[in-house]
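Inspection log for the structure reproduced underneath, given as structure tokens.
Nothing in this text is a laboratory measurement; each read-out follows from the coordinates by a stated rule. What you see is a predicted model, and the numbers here were worked out from it, not measured in a lab. Virtual Cβ from ideal backbone geometry, glycine too; neighbours counted across all protein chains shown.
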Amino acid sequence: MTLPGYRTYSPPAPPRRSGLARASLVLGIVGLLGLALCLLGLIPALVGLVLGTIALVRGQSERWPAVAGVVCCGIAVVVGALALFWLLSKAAMCGDTSRYPNYAARQGCVEQEFPFVRETSNP
């Protein structure tokens with residue numbers, strides 16, 4: 001029972017947890033930076049996309065890190081998928097035996113389309 005004019009004490013609300021949302025944001029940034037390393041950014045971007053989506057659906061965390069994480073992860077996934085598609089289409093073109101009938105012709109195509117590839121000798 002409380003006296004008139006007095007309120008009962010209620011403890012402050014616990015801070016909202018935003019672990020999944022912040023993890024999504026960090027993985028999105030890592031995914032964007034990791035695209036420069038042979039498309040290795042796709043893996044953290046996919047994980048971050050899942051974590052950000054879970055954080056948004058649960059609604060228990062701050063909203064802006066989850067949204068920013070989903071956006072960063074989405075950009076990384078789209079850019080990575082487009083780069084992977086482009087690289088694989090170039091590789092498939094060089095592997096076409098009707099266009100390049102022998103090994104030397106296919107090797108020339110690879111050297112022309114992928115100038116960063118260098119042939120190394122086996123030890």
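Miscellaneous remarks
Okay, residues lined up against (1) more than 22 Å from residue 113 (Cβ to Cβ); (2) in a helix (DSSP H, G or I):
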site	(1), (2)
60	yes, no
64	yes, yes
73	yes, yes
81	no, yes
99	no, no
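- Selection from the range 52-69 of residues that are among the aliphatic types (A, V, I, L, M) and closer than 12 Å to residue 23 by Cα: 54, 55, 66, 67, 68
- Test for residue 29: is it without any contact (Cβ under 8 Å) to a residue 40 or more places away in the chain and of a type in the set (A, V, I, L, M): no
- Verdict on residue 81 being surrounded by 17 or more Cβ atoms within 10 Å (Cβ to Cβ), among the hydrophobic types (A, V, I, L, M, F, W, C) and either in contact (Cβ under 8 Å) with a residue 24 or more places away in the chain or in contact with a helix residue (DSSP H, G or I) (Cβ under 6 Å, 6 or more places away or on another chain) (or both): no
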